[in-house]
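Only one structure is covered here, and it is reproduced in the block below.
The values are calculated or read from the model by the stated rules, or taken from the named source; none is laboratory data. Because the structure is a prediction, the values reported are computed rather than measured. No Cβ is skipped: glycine too gets one built from the backbone with ideal geometry, and neighbour counts run over all protein chains shown. Ligands, DNA and RNA are stripped out before the accessible areas are found, and what is left, the full protein with its side chains, is counted by its heavy atoms. Shrake-Rupley method; radii C 1.70, N 1.55, O 1.52, S 1.80 Å.
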Amino acid sequence: MRGLDLFDILDPRGRANRKGLVILAAILLLAQACVHGGCYLSGRELQGPVSWVIHSLFVWLGTAALSKRLHDIGIGAWWILWAAIGMFIWTFVASFAVVVTLGFEAAVPGSIGMTIAMVVSFAPILVLTLWMHFALGEEGDNNFGPVPGAFGFSKPYPTASAAQGTAMAALAR
């Protein structure tokens, strides 16, 4: 079994178990620390088109890691989009409730109202993040790939027919 390579990290297909997610999270955290630490040590700010490209790469890597983890649980990656829409609506409703309850001055950054809105908005993200780290993956192969290997990752099936063949073989057992 070969190890993890860059294309495995960039590819949102396949599966990642809990160990794989922790590895990807550590890689992302280390990469972000290096980028921001390098900017700090060089006295430069990360801004403009370079910032956009770097942050887009981090968003893609995080989305790919989340996709792989959802696949291990047996859920399609489209749920990321639905969760993002739900979080947008939840944050809007929480912020609106704070303004209606405490007045417009509660929307000023640094105010207690803004702090309440931020905590209420962040709580579901924390719960979902913990769930992603602790949820058990599906035992055996699933439609998204074989069981993750020693590093916590598996590649996707080469074609849809291979996934269907594996599913049919599992049903025949």
Item to check | For the chain, size of Cβ-based charge dipole, Lys and Arg +1, Asp and Glu -1, in debye | outcome: 300
Checklist entry - In the stretch 52-77, which residues have a backbone nitrogen under 16 Å from the label point lying 7 Å from CYS39's Cα in the Cα-to-Cβ direction? => result 52-60
Checklist entry - If you rank ILE23, ILE116 by how much accessible surface each has, with a 1.4 Å probe, what is the order from largest down? => result ILE116, ILE23
Checklist entry - So what is the accessible area of the chain per residue, in Å², with the probe set to 1.4 Å? => result 66
Item to check | Rel. contact order, % - alpha carbon contacts under 8 angstrom, at least six apart, the stretch 1-73 | outcome: 64
Checklist entry - Any idea what the relative contact order of the chain is, in percent, if you count C-alpha pairs under 8 Å spaced at least 6 apart? => result 34
Checklist entry - When the chain is fully extended, how far beyond the present Cα-Cα distance does ILE112 get from PHE88, taking 0.36 nm per residue of separation? => result 6.5 nm
Next on the checklist: Starting from 0.36 nm per residue, how many nanometres of slack lie between ILE54 and ALA26 once their C-alpha separation is accounted for?
Outcome noted: 8.4 nm
Item to check | Degrees between helix 18-42 axis and first principal axis of the chain (Cα, 0 to 90, nearest 10) | outcome: 50
Checklist entry - Which angle from 0 to 90°, rounded to the nearest 10, does the C-alpha axis of helix 112-134 make with the longest principal axis of the chain? => result 10
Item to check | Carbon plus sulfur fraction of accessible area for the stretch 13-75, probe 1.4 Å, in percent | outcome: 70
